[in-house]
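The structure appears right after this line, and notes come after that.
The values are calculated or read from the model by the stated rules, or taken from the named source; none is laboratory data. Keep in mind it's a predicted model, so treat the numbers as computed, not measured. All Cβ positions, glycine included, derive from the backbone under ideal geometry; neighbour counts span all protein chains shown. Side chains are part of the model used for accessible areas, which takes the heavy atoms of the whole protein and leaves out ligands, DNA and RNA. Shrake-Rupley method; radii C 1.70, N 1.55, O 1.52, S 1.80 Å.
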Number of protein chains: 2
Amino acid sequence: MTERISDAEHAVMEVLWDESPLTAQEVVERVPAERGWSANTVKTLLGRLLAKSIIAHEEVGRRYHYRPLVARDDYVAKESRKLMDRLFGGKLTPLVAHLAERDAITDQDIAEIEALLKDLKS
Amino acid sequence: MTERISDAEHAVMEVLWDESPLTAQEVVERVPAERGWSANTVKTLLGRLLAKSIIAHEEVGRRYHYRPLVARDDYVAKESRKLMDRLFGGKLTPLVAHLAERDAITDQDIAEIEALLKDLKS
DNA sequence: TCTTATCGACTACGTGTGTAATCCTCGCGA
DNA sequence: TCGCGAGGATTACACACGTAGTCGATAAGA
């Protein structure tokens, strides 16, 4: 029943997944500048993530230190699976086929994936 | 500048991608029962999709026939790419690696993907 | 001690989304 | 001819989201 992570929240999570624990201030500094967010916006997002128990904070002196409660890997897995289920009937092959066709896959990509698959086969 | 398709709207689109043109009534009948939507809900969604120019309708007698204006393939491509960019730095290999690891990929899957890659290499 | 900068909490507000009821129009049967 | 029902259009409404301002406590400096 892990709550949904919105797009804006996701940007904050990436910061915390990259490094944690961090204070709110540090998160603000690390959020990609393209977002152009005010510090308040980031704090609101931290608050919402807290409310959803996606992150936690512990008091350290006057401030809080924030850290993720869900692993990036789990989140990525869930999102990937959702997409695969929704758009490719849950099958991996059509997904790969689609991406490979549409997005000029390089020979190197192919080599890497082949190596990967070889490993898995054992 | 194709507008965003929400989750509920997507369910309607799947119906129309599967078969079109359809009347509103027919769409209502074909939407997966799990959704438990009232006919009005479906009509609202059709209206929103129309407003966004994601579908079109032509008058046929006293009703409308609805049909998609965007190809499923284009939608799928865009969504897949978004996920790949957001979670895997735009690289296909990590995506495949991730899915392959986490979701007990079968030998058959591996064989299929290998065949697919072989084709692409030519 | 008084002032101010800092930090988190609370409040705000427009837009999107899921879900649907209500309204309006027009052809059809009584 | 007149009310009714099917179908589309309009309106509704709560909640999520993106974005941010304001409030209240406090620590640090004057």
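Close Lys pairs in chain A, defined as Cα atoms under 28 Å apart and 8 or more places apart or on different chains, number 12.
Based on the alpha-carbon set only, what is the convex hull volume of chain B divided per residue, in Å³? Walk me through the numbers before you get to the answer.
Values: hull volume 19.7 nm³, N = 122.
Each residue corresponds to 162 Å³ of Cα convex hull volume.
Using a 1.4 angstrom probe on protein heavy atoms only, the contact between A and B buries about 3900 square angstrom of accessible area, both sides summed. Measure nothing fancy, just the Cα-based angle from helix A:39-51's long axis to the longest principal axis of chain A, in degrees from 0 to 90, nearest 10. It works out to around 70 degrees.
Computed from Cα atoms, the angle from the helix B:107-121 axis to the main principal axis of chain B rounds to 90 degrees.
For chain B, build the charge dipole from Cβ charges (+1 Lys, Arg; -1 Asp, Glu) around the Cα centre, then report which of B:117, B:5, B:92 sits farthest towards its positive end. Going by the Cα projections, it comes out as B:5.
The angle separating the long axis of helix A:7-18 from the principal Cα axis of greatest extent in chain A is about 90 degrees. Comparing A:24, A:97, A:56, which has the greatest mean-square fluctuation in the GNM of chain A with Cα pairs linked when under 10 Å apart? Largest GNM mean-square fluctuation: A:97. Exposure check, 1.4 Å probe, all protein chains in place: residue B:74 carries approximately 80 Å² of accessible surface. Ligands, DNA and RNA aside, residue B:57 has an accessible area near 70 Å² when probed at 1.4 Å. For the pair residue A:107 and residue A:23 in one chain, pulling the backbone fully straight at 0.36 nm per residue adds 25.9 nm over the alpha carbon distance. Going by the alpha-carbon gyration tensor, a ≥ b ≥ c the square roots of its eigenvalues, is the protein assembly as shown rounded (a/c under 1.5) or, if a/c is not under 1.5, prolate (a/b greater than b/c) versus oblate? The shape class here is oblate.
Rounded to the nearest 10 Å², what accessible area does residue A:17 show when all protein chains are kept and the probe is 1.4 Å? We get 50 Å² for residue A:17.
Per residue, how much accessible area does the protein assembly as shown show when a 1.4 Å probe rolls over the protein heavy atoms, in square angstrom? The partial results should precede the final answer.
Numbers: 13840 Å² over 244 residues.
I get 57 Å² per residue for the protein assembly as shown.
Ordered from largest to smallest accessible area (heavy atoms of protein chains, 1.4 Å probe), the residues B:62, B:4, B:67 come out as B:62, B:4, B:67.
Think of it as helices only: each DSSP H run of n ≥ 4 in chain A is worth -39500 (n - 2.57), and spread over all residues that comes to -19500 deg cm²/dmol at 222 nm.
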